[in-house]
Amino acid sequence: MQMLRRIRIGARLSYAFGAMALLLIIMIGVAVATTVIQRHADQRAVASSALRRDALTAKFHAADSNGWQTGYAFNTVRGVPGATDDSSDMRSKFLSSAAAFQQDLTRIGAHDLTAVERQQLATAENAFDRFMEIDAQIVSGYRTGTSTSVAAANDLVAGEALYWFEQAAAAVDQLAAQAEADSAADTATARATNTRGLQLLVVVGVVCLMSAVMLAWLTTRRVANAARNKEILAAVVEQSADATLALALDGTITTWTSGAERVYGYTAAEAIGRPVAMLLQPDSEARHARVLRGLAEGHQFQFDETPRRRKDGSEIFVSTVVWPLYDDDGKLIGGAATERDVTARKQREAEQKIADDRAARAARLESLGQLASGVAHDFNNLLGIILNCAEFVADDTGDEAADDLTRIRNAAHQAQELTSQLLLFAKREPTQVETVDLNTVVTDATDLLSRTIGSDITLNCHPGSEALPVRANRSRLDQILLNLVINARDAMPGGGAVEIATGTVEISGDPDQTLPAGHYAQLTVSDNGTGMSAEVKDRLFEPFFTTKAADKGTGLGLATVYGIVGDAGGTITVDSTLDVGTTFRILLPMSSSPPPEPTPEHRTRSSPDAANLS
């Protein structure tokens, strides 16, 4: 078929060459005289048409810039944030249209214009320059933000800016009208010239002859360029980081690029001839069948963050575009797909969400701390008045009234303890810090903690092998241990085990970390109790939040721990699973000063009463 087609084309070219040669010999003389006239008419028509096209384009861009200016002005009045920023949607489109209009005027000025057209162009340029000056005043007024400046900017939009826009648009419109008239006249002249039969025949003969020669040359060049373009395109696809593959209509892989090999781990020899379903997760069979049916009907598909399976069995996520594939005759032969690995991006988005949640939780606790601090200070002042008055009255009353006043003082002292816990959470309670060995704190507290938690719970301590000097208040470190161990005991009503361990952790400069990079001492307290839900864990450090009965605790124990750790420059995190257990992890900055030598008589200074604060 291709050979027959080539023979027919060759015969037609031979007849065309003979006819054109005879026509050239007869009409060459007439062609010389008329060619100059025709060329001049054609040039005038082309120039007029180009001027008309540029003028109409400028007219469109002028209207476009005015519309976008009105748009960002409306957005500013409506209170859209950043409406006057050059990067905002409406404002950026206005600037783009204004730049395009300026380029249009420059192109118009490059044409061979008449004096009248030059005057119209100058009017448009001056009006547009004035329009842009007014726009700068408008933006300045909006960005100032005062009601007076905004009102003045609104007046400029509807007044002076609109006036200069109309002046520029009118001048461009006149240019377009004049260019259109010139184009019509020049086109008519060219057409009149074209009616000259003898010249038309000669021109046609010359064009035919040149076209035949050019056709042969272009055909050869086109074939070579097409082959070269296909090679370049194949190289681009092959070297792309994205996976590109072709499929038969039954889902069999027919083409497999090196990008697909990098994404999925299969070589071309391993992938070609196998069903594409080997890359899919088991729950994707229904959608896979639907895509194959759609390809057979000529439909295109696009999927974001679609799960896939690599050769090693690991899961990745890809962004996929699948489209039907046709041969040179337009026949549907299969489909093709381009898939980009977005696993890392998806993981970054998940990590960012965790970081945002953590920041929101910290901000909430900070707000609660400020509130607790204010309430605690005011309440403490009132308690001071109560205690002083009780002392005064006790000196002047009998034994029975003195007993009542004693109960009042005891209750007030207990209330002061609660306010002290609140101030600890809010980091408003002054503390005396010293360099202490975290291992020593844990070791000294073991005996008291063992007696506190009862015989049905085992306490295991695993202090680190090296000293862990930290700058903190020793009593408050004891309080942290007691609160965490008591919470662990309450989470194991049927008995269990509590594990206390210390060690060191090196934190790198990871933006997800709330602590700066450095060397930190780590304290972990773990239990195998009931665990907690995600909702409880999210509110765990809030003051007065507790899951215990009203007479079992105030909900200030863990809030106090949070405040003490934060005051020492550290962080506390919790991992918990229902019916599995809970682990508290505390990180404290390591001190450069060595801790003092522990004394034999040193013991924990925690009070068992702190257990009631959990």
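So the values come out like this:
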item: Members of the range 115-145 found to be open to solvent by 70 Å² or more (accessible area, probe 1.4 Å) and more than 24 Å from D64 (Cα to Cα), listed by number; result: A115, V116, T144
item: Residue list for the range 254-263, filter: at pLDDT 85 or above and in contact with a helix residue (DSSP H, G or I) (Cβ under 6 Å, 6 or more places away or on another chain); result: W256, T257
item: Identity of the residue in the range 558-600, among the acidic types (D, E) and over 12 Å from I480 (Cβ atoms), that ends up modelled with the lowest pLDDT; result: E597
item: Hits in the range 104-130 (condition: touching a residue at least 60 places away in the same chain (Cβ under 8 Å) and closer than 15 Å to A161 by Cα); result: A124, F128
item: Qualifying helices (runs of 4 or more DSSP H) (wholly inside the range 258-304; at least 3 residues being of a type in the set (G, A, S) and touching a residue at least 12 places away in the same chain (Cβ under 8 Å)); result: 258-264
item: Matching residues in the range 47-91 - criterion: being over 23 Å from A127 (Cβ atoms), surrounded by fewer than 20 Cβ atoms within 10 Å (Cβ to Cβ) and hydroxyl-bearing (S, T, Y); result: S49, S87, S88
item: Any hit, the range 267-275, residues being open to solvent by less than 80 Å² (accessible area, probe 1.4 Å), more than 13 Å from A246 (Cα to Cα) and over 27 Å from the mean Cα position of the chain (by Cα); result: yes
item: Those residues of the range 146-163 which are surrounded by fewer than 16 Cβ atoms within 10 Å (Cβ to Cβ) and among the acidic types (D, E), in sequence order; result: D155
item: Residue match in the range 164-172 (condition: in a helix (DSSP H, G or I), of a type in the set (F, W, Y), open to solvent by less than 40 Å² (accessible area, probe 1.4 Å) and modelled with pLDDT of 75 or more); result: yes
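The values are calculated or read from the model by the stated rules, or taken from the named source; none is laboratory data. Since the structure is predicted, the reported quantities are computational estimates derived from the model, not experimental observations. Cβ atoms come from the backbone with ideal geometry, glycine included; neighbour counts cover every protein chain shown. Side chains included, ligands, DNA and RNA excluded: accessible areas come from the protein's heavy atoms. Shrake-Rupley method; radii C 1.70, N 1.55, O 1.52, S 1.80 Å.
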